[in-house]
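The values are calculated or read from the model by the stated rules, or taken from the named source; none is laboratory data. Just so we're clear, the structure is a prediction, and the values are computed from it rather than from any experiment. Here the Cβ positions follow ideal geometry from the backbone for every residue, glycine too, while neighbour counts run over all protein chains shown. Calculation scope for accessible area: heavy atoms of the full protein, side chains included, ligands and nucleic acids excluded. Shrake-Rupley method; radii C 1.70, N 1.55, O 1.52, S 1.80 Å.
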Amino acid sequence: MKKNIIIITGLLVTVAVLFVHATETLEEQTGYAIGDMAADFSLPNVDGNKVSLADYGTAKGFIVVFTCNTCPYAKLYESRIMDLDKKYASQGFPVIAINPNDISQKPEDSMEEMVKRSKDKGYTFPYLRDDSQKTAMAYGATKTPHVYVLNKEGKSDYRVAYIGAIDDSPREIADVREKYVEDAIEALLSGNSPSVTEKRAIGCTIKWKES
Amino acid sequence: MKFILAISAITFGLTVHSQGISSIQLDDLHKILNQPTENIKVVNFWASWCGPCVKELPAFGKLQGYKNAEIILVSLDFKEEIEKAKSTLKRREIGFESYLLDETNYDKLIPSISEDWTGAIPATLVISNNQKRFFYEKSFTEPELLELIEQHSK
């Protein structure tokens with residue numbers, strides 16, 4: 001009897017260890033790494049329409065930015081995100097901004113407030129609401145702002161070419177020495193792979209829905 | 001002895017000291033983190049503009065010294081906004097000495113703390129008494145933090 005209990009306990013512990021290990025591995029694998037193919041999405045835009053990457057037939061790639069109305073770092077980068085679209089949309093790399101924040105925690109990130117902000121500031125790019133947060137999760141975005149530069153290959157393959165920060169100076173635009181996103185796009189435009197593919201920056205944690 | 005006092009007075013005078021928060025360079029922060037002690041260190045990265053960070057500050061404040069844990073608060077507010085960080089702590093009645101990290105090279109700072117840190121805050125690093133590091137890119141409630149300290153102070 002005692003022996004059986006020991007064996008059963010042993011088995012249970014093994015199962016528990018395996019289970020914990022499996023979940024850990026799963027967690028590590030969420031989100032894209034450089035070179036992965038990004039999935040398309042269909043999310044509501046501030047203009048009332050839905051937007052997908054597939055809508056952009058002539059695009060060479062995309063600057064996908066997870067951002068929001070409320071994070072001070074997102075606000076610091078807002079004008080730079082607008083400038084990126086002005087500079088690169090015409091060259092085939094438009095900005096697609098996505099707001100994934102849970103509005104029960106951040107009411108100022110609601111579609112209504114997004115419409116207001118994009119109008120007030122004069123966004124020239126779509127500003128999409130990721131209510132289910134599935135797109136942010138699939139990409140592995142953790143914070144705002146969090147940028148993914150995608151390079152289009154063939155008709156509908158979007159390869160992740162750069163992940164992370166926009167540049168190296170959040171507070172003072174005048175102190176920017178390295179423009180990571182611009183450098184990545186310039187490399188792609190001239191047919192090369194970006195030399196810098198990942199740079200980290202501080203940001204606000206995405207407000208995930210409490211399950 | 002007098003000499004040592006004089007030296008510490010000078011050093012003390014040189015650091016930007018602002019009632020409870022002193023500005024610190026990344027290298028010096030690492031020196032503090034690498035200093036072996038018998039107790040665990042719980043290092044919390046926060047900023048006055050970060051809602052979830054400010055929300056969890058009182059829990060960190062309350063658990064200073066619990067099971068001899070040393071709570072080290074590191075503000076990532078911009079150096080120019082040290083007053084904001086100061087008043088945020090004051091309003092939450094956190095009186096112990098803490099730091100504002102004077103480092104704007106985030107791509108150097110972030111991986112130097114943990115390879116697992118994507119850069120989102122709040123973020124918390126636990127260093128056990130045998131210098132093992134555990135990193136958490138998440139918020140903590142007071143019971144969770146209590147459990148964390150108990151788990152690592154064994």
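Of the numbered criteria (1) touching a Cys at 6+ places or on another chain (Cβ under 7 Å); (2) modelled with pLDDT under 95, the one B:ILE121 fails is (2). Residues considered: B:LEU146, B:LEU109, B:LEU76. Of these, the only one that is more than 14 Å from every other protein chain (Cβ to nearest Cβ) and either under 12 Å from the mean Cα position of the chain (by Cα) or in contact (Cβ under 8 Å) with a residue 40 or more places away in the chain (or both) is B:LEU146.
Evaluate the following for B:LEU57: is it among the hydrophobic types (A, V, I, L, M, F, W, C), closer than 26 Å to A:LYS106 by Cβ and modelled with pLDDT of 95 or more? Yes, satisfied. On the stretch given as region A:139-157, residues that are more than 14 Å from chain B (Cβ to nearest Cβ) and among the aliphatic types (A, V, I, L, M) total 2. For region A:50-81, the candidate set comprises residues that are closer than 14 Å to A:MET114 by Cβ and in a loop (DSSP other than H, G, I, E, B); within that set, the residue that is most open to solvent (accessible area, probe 1.4 Å) is A:THR70. Among the residues making up region B:107-145, those that are farther than 21 Å from A:ILE166 by Cα, surrounded by 15 or more Cβ atoms within 10 Å (Cβ to Cβ) and touching a helix residue (DSSP H, G or I) at 6+ places or on another chain (Cβ under 7 Å) are B:LEU125, B:VAL126, B:ILE127, B:SER128, B:PHE134, B:SER139, B:PHE140, B:LEU145.
Scan region A:32-49 for residues that are open to solvent by 20 Å² or more (accessible area, probe 1.4 Å) and in a loop (DSSP other than H, G, I, E, B) and the total you get is 12. Residues in region B:42-71 that are among the small types (Gly, Ala, Ser) and under 13 Å from B:GLU142 (Cα atoms): B:ALA59, B:GLY61.
Residues in region B:42-64 that are facing chain A (nearest Cβ under 9 Å) and touching a helix residue (DSSP H, G or I) at 6+ places or on another chain (Cβ under 7 Å): 2 in all.
Is it the case that region B:62-71 has a residue that's part of a helix (DSSP H, G or I) and surrounded by 22 or more Cβ atoms within 10 Å (Cβ to Cβ)? For region B:62-71, residues part of a helix (DSSP H, G or I) and surrounded by 22 or more Cβ atoms within 10 Å (Cβ to Cβ): absent. The set of residues in region A:82-112 that are within 11 Å of A:ASN69 (Cβ to Cβ), outside any helix (DSSP H, G or I) and either open to solvent by less than 50 Å² (accessible area, probe 1.4 Å) or in contact (Cβ under 8 Å) with a residue 60 or more places away in the chain (or both) comprises A:ALA97, A:ASN99, A:ASN101, A:LYS106, A:SER110.
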